[in-house]
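Here's the structure, in structure tokens; my notes come after.
The values are calculated or read from the model by the stated rules, or taken from the named source; none is laboratory data. Source: prediction; values computed, not measured. Glycine also receives a Cβ, built like all others from the backbone with ideal geometry; neighbour counts cover every protein chain displayed. Note: areas computed on protein heavy atoms with side chains; ligands, DNA, RNA excluded. Shrake-Rupley method; radii C 1.70, N 1.55, O 1.52, S 1.80 Å.
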Amino acid sequence: VKRAKRYRQPLCLLFLDLDGLKDINDRHGHKAGSEALRRVASVIQAELGASDIGARWGGDEFTIVAPNTSNNAAMSFAERIRSRIAEQRMDWRMTASIGVATLGDNGNVMLEDASSLMRSADAAMYYAKRSGKNTVAHALS
């Protein structure tokens, strides 16, 4: 965040939540749930750029920090990850909901610190969930 602000470069944060992991665990067992998490991590890893950072946030959530990435590029990036997760061939359907927020001018609100960036990405992810899951939402969209 400090580097992005100092050099006036965009910084995007993506929050990803695996849809229905509890159902996967309940119907197919925790081994299947662990495999689902591994597959999502592999998809994220394969899509990361050289300066991007991906991490498991906890439970069935992942986060990606994408430095020097515009709103439009981040939305395309998130959609590519969402699509690749949905393409995974398993004994069950696997989807993800993704929220995207950008440091700096983000619609009507200035996101100027890590906390507001995280809150906005998290809120966008929950908006994606409420909008039917398996979708990407931008903060304040």
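Looking at Asp26, Asp17 in this structure, which one is part of a helix (DSSP H, G or I) and not aliphatic (A, V, I, L, M)?
Working: Asp17 fails: part of a helix (DSSP H, G or I).
On inspection, the qualifying residue turns out to be Asp26.
Do you know which residues across region 42-69 are part of a strand (DSSP E or B) and among the acidic types (Asp, Glu)?
In the first step, residues of region 42-69 are kept if they are part of a strand (DSSP E or B); the result is 53-58, 61-67.
Of everything in region 42-69, just one residue is part of a strand (DSSP E or B) and among the acidic types (Asp, Glu), namely Glu61.
Could you please tell me which pairs satisfy a Cβ distance under 6 Å, a separation of 6+ or placement on different chains, a first residue in region 23-40 that is touching a residue at least 24 places away in the same chain (Cβ under 8 Å) and within 21 Å of Ala55 (Cβ to Cβ), and a second residue that is of a type in the set (S, T, N, Q) and open to solvent by less than 60 Å² (accessible area, probe 1.4 Å)?
These pairs meet every condition: Arg39/Gln88.
Could you say which residue among Ser97, Ser83 is among the small types (Gly, Ala, Ser) and free of Cβ contacts under 8 Å to residues at least 24 places away in the same chain?
Only one candidate qualifies: Ser83.
Taking the residues in region 38-62 that are over 14 Å from Arg82 (Cα atoms) and over 12 Å from the mean Cα position of the chain (by Cα) as candidates, determine which candidate is surrounded by the most Cβ atoms within 10 Å (Cβ to Cβ).
This residue is Asp52.
Pick from Arg82, Arg39, Arg3: which is in a helix (DSSP H, G or I) and within 19 Å of Ala139 (Cα to Cα)?
Arg82
Which of the residues that make up region 63-104 are in contact with a His (Cβ under 9 Å, 6 or more places away or on another chain) and either open to solvent by less than 30 Å² (accessible area, probe 1.4 Å) or farther than 16 Å from Asn134 by Cα (or both)?
Asn71, Ala74, Ala78, Met90, Asp91, Gly99, Val100, Ala101, Thr102
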